[in-house]
2 protein chains.
Amino acid sequence: MVENTPGEFYLPTVLLVGVGMIGGSLTLGLKKRNLVGRVIGIGRSRRNLDRAIALGAIDEIAESIVEAAAEADLIVLATPVGAMADLMLKIDSAMKPEAVLTDVGSVKHGVVGEAKDRLRKSLSQFVPAHPVAGKENSGVGAADPDLYIDHKVAITPLAETSDRAKELVETMWRAVGADVISMGVEEHDRVLAMTSHLPHVLAYAMVHLFSSAKDSEKCYQMAAGGFYDFTRIASSDPVMWRDICKMNQHQLLEHIQGYQNTLSHISSMIESGNESALQSLFSDAREARAVVTEKRKKVVSDTDLIPRAKRVRQQVNR
Amino acid sequence: MVENTPGEFYLPTVLLVGVGMIGGSLTLGLKKRNLVGRVIGIGRSRRNLDRAIALGAIDEIAESIVEAAAEADLIVLATPVGAMADLMLKIDSAMKPEAVLTDVGSVKHGVVGEAKDRLRKSLSQFVPAHPVAGKENSGVGAADPDLYIDHKVAITPLAETSDRAKELVETMWRAVGADVISMGVEEHDRVLAMTSHLPHVLAYAMVHLFSSAKDSEKCYQMAAGGFYDFTRIASSDPVMWRDICKMNQHQLLEHIQGYQNTLSHISSMIESGNESALQSLFSDAREARAVVTEKRKKVVSDTDLIPRAKRVRQQVNR
């Protein structure tokens with residue numbers, strides 16, 4: 001589905017800050033499609049960076065973030081969100097005026113707030129982004145050049161963001177197969193609280209209840225497909241989810257309250273034996289889920305990708 | 001893993017009452033392994049029964065439940081639970097004294113109560129059972145002879161149930177690949193409320209909240225893997241789940257309350273910013289789920305199957 005279109009869109013030098021599964025999948029994806037010259041990586045663990053070189057996710061290791069930032073055409077912040085503020089301060093003074101900065105954080109208002117504080121020179125070059133793709137495994141060893149095919153990437157451009165920077169980031173994500181959706185910062189955090197953060201918290205709560213049940217041994221034995229599918233996401237990284245709960249506290253708490261109200265409503269239907277109301281609620285939910293299933297089948301079309309890639313290439317290589 | 005062991009365990013005539021995915025998968029499984037002579041089917045829809053013959057799930061259609069029950073060595077009630085009481089009354093007076101009766105209901109206390117009322121002659125021949133296997137599709141067209149491989153089947157024998165009847169039903173389920181677990185009736189309903197009924201209600205609640213959210217269109221667009229995995233089970237049959245909510249009302253309401261308490265607890269951790277408590281709760285949940293994953297990998301071993309099959313064969317063919 002994604003054509004290899006050398007020359008249409010090309011990034012001579014990319015700096016990847018934080019070389020894990022998310023960032024590594026992006027750079028591997030760009031390399032596989034011949035859309036990048038060289039990738040410089042920087043990170044905390046030398047061992048992990050050596051592994052990233054061996055896997056081809058990066059080509060070289062930066063000695064200094066300031067020097068590497070000065071060489072890059074695109075800088076991708078793929079660290080935990082908590083580490084981004086300091087990095088932005090260093091990058092701001094170093095990056096080229098035509099370069100573009102983006103990130104991959106799961107919650108956007110915090111990153112955007114930091115960017116407004118830290119990016120004194122380069123705020124218009126910054127495009128906040130969030131690739132919505134997770135796997136149970138993390139680390140660069142789990143990176144996959146095709147991870148983003150048919151996955152969503154939300155971008156939340158600021159009023160200050162230049163059209164050129166926005167288009168470059170959009171084109172890059174489309175080039176590795178993603179479906180890019182533009183939205184407001186608050187809207188992003190509210191929507192993701194519903195589609196991702198709330199389900200994770202609910203799955204963690206289910207497993208917690210389950211393992212503290214008085215029949216917990218028999219429950220373990222009988223754990224059926226229902227429970228199993230339902231709690232798959234409770235295998236995600238606890239530290240990441242702790243941070244997301246903190247960063248998106250407000251929106252998440254609002255959705256948890258909404259969920260508790262919904263559950264109380266269903267509970268009272270069960271208690272009062274209101275079978276017709278239950279059945280129609282269950283039917284509506286099944287239909288709503290079928291709509292989501294249909295929407296997920298929508299694929300990124302090349303007709304959308306190619307003209308954008310051409311336009312951006314003209315801008316990048318001008 | 002399941003050996004074809006002709007002669008070890010053999011049912012000359014099986015009567016399947018209610019020919020859908022669950023019952024059809026059992027009879028197809030028995031036939032595939034040459035463990036049954038003929039299968040008589042009875043059901044409400046002639047068209048469905050003709051389809052079951054074409055698929056090989058049954059060999060012939062019963063004209064009368066009483067006549068067919070009189071011929072069967074094993075009778076399997078695979079109808080909705082609500083229909084079982086009347087059927088039991090008819091079967092009780094008709095079935096052979098050495099025949100065995102079982103069912104596949106998802107909630108056991110109701111079926112057991114009906115059995116104690118209705119099975120005046122044959123209560124010792126009845127083995128309540130619950131194969132825990134579901135698919136998104138229903139109907140005999142979705143039947144699969146290998147559906148039960150590595151799936152759990154709970155049996156909840158009564159004080160009155162004969163050892164012979166219990167062993168026959170256990171051996172039959174093991175012969176089609178299932179992992180049979182014996183437990184009490186109340187225990188079954190409480191455990192299944194936790195492992196299956198609660199997760200289904202929670203998934204329905206999540207989809208309901210989602211589709212009534214103010215950003216519902218953007219939520220549909222962004223629905224990520226987390227949401228998607230989490231709500232898979234909300235595609236199950238609404239009528240079946242309405243009935244399960246009714247039949248297991250008491251245990252389910254208790255677990256919903258427990259879940260609400262757990263969620264309130266997590267919510268207050270998020271609100272108060274208790275990061276270490278959140279992280280350890282998330283870590284514990286991840287570990288607990290890993291334990292379930294390990295337990296699910298346990299396979300049924302032939303060493304367990306063969307000796308039992310031999311014993312039961314001696315009893316069946318005495």
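The values are calculated or read from the model by the stated rules, or taken from the named source; none is laboratory data. Remember, it's a predicted structure, so these values are computed and weren't measured experimentally. Cβ placement follows ideal geometry from the backbone for every residue including glycine, while neighbour counts extend to all protein chains displayed.
Here are the numbers:
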read-out	value
Qualifying residue in segment A:204-227 (condition: buried (at least 24 other Cβ atoms within 10 Å of the Cβ) and touching a Cys at 6+ places or on another chain (Cβ under 8 Å))	yes
Residue ID - surrounded by the most Cβ atoms within 10 Å (Cβ to Cβ), chosen from residues in segment B:228-258 that are under 26 Å from B:Ala78 (Cα atoms) and touching a Pro at 6+ places or on another chain (Cβ under 9 Å)	B:Ile233
Residue satisfying all of: in segment B:1-53; acidic (Asp, Glu) and at pLDDT below 95; farthest from the chain's Cα centre (by Cα) among these	B:Glu8
Test: residue in segment A:282-290 that is within 30 Å of A:Thr79 (Cα to Cα) and polar (S, T, N, Q)	no
Which numbered condition B:Gln260 fails, given (1) polar (S, T, N, Q); (2) out of contact with any Leu (no Cβ under 9 Å at 6 or more places or on another chain); (3) under 30 Å from B:Val111 (Cβ atoms)	(2)
Segment B:203-250: number of residues that are in a loop (DSSP other than H, G, I, E, B) and more than 7 Å from chain A (Cβ to nearest Cβ)	5
Residues that are in contact (Cβ under 8 Å) with a residue 60 or more places away in the chain and either assigned by TED's automatic domain parsing to the domain that holds B:Met240 or touching a strand residue (DSSP E or B) at 6+ places or on another chain (Cβ under 7 Å) (or both), drawn from segment B:136-171	B:Tyr148, B:Asp150, B:Ala165, B:Leu168, B:Val169, B:Glu170
Test: residue in segment A:272-294 that is modelled with pLDDT under 90, within 27 Å of the chain's Cα centre (by Cα), closer than 30 Å to A:Phe9 by Cβ and facing another protein chain (nearest Cβ under 7 Å)	no
Subset tally (residues that are closer than 30 Å to A:Ala165 by Cβ and either in the same structural domain as A:Lys166 (by TED's automatic domain parsing) or among the small types (Gly, Ala, Ser) (or both)) for segment A:192-218	2
Some residue of segment B:78-88 being modelled with pLDDT of 95 or more, under 26 Å from B:Phe9 (Cβ atoms), assigned by TED's automatic domain parsing to the domain that holds B:Ser106 and of a type in the set (Val, Ile, Thr)	no
Some residue of segment A:131-138 being under 15 Å from B:Gly226 (Cα atoms) and polar (S, T, N, Q)	yes
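For (1) of a type outside the set (D, E, K, R); (2) outside any helix (DSSP H, G or I); (3) buried (at least 21 other Cβ atoms within 10 Å of the Cβ), each residue gets a yes or a no:
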{"residue": "B:Val14", "(1), (2), (3)": "yes, yes, yes"}
{"residue": "B:Gly24", "(1), (2), (3)": "yes, no, yes"}
{"residue": "B:Thr27", "(1), (2), (3)": "yes, no, yes"}
{"residue": "B:Gly37", "(1), (2), (3)": "yes, yes, no"}
{"residue": "B:Gly41", "(1), (2), (3)": "yes, yes, yes"}
{"residue": "B:Ala52", "(1), (2), (3)": "yes, no, yes"}
{"residue": "B:Ala83", "(1), (2), (3)": "yes, no, no"}
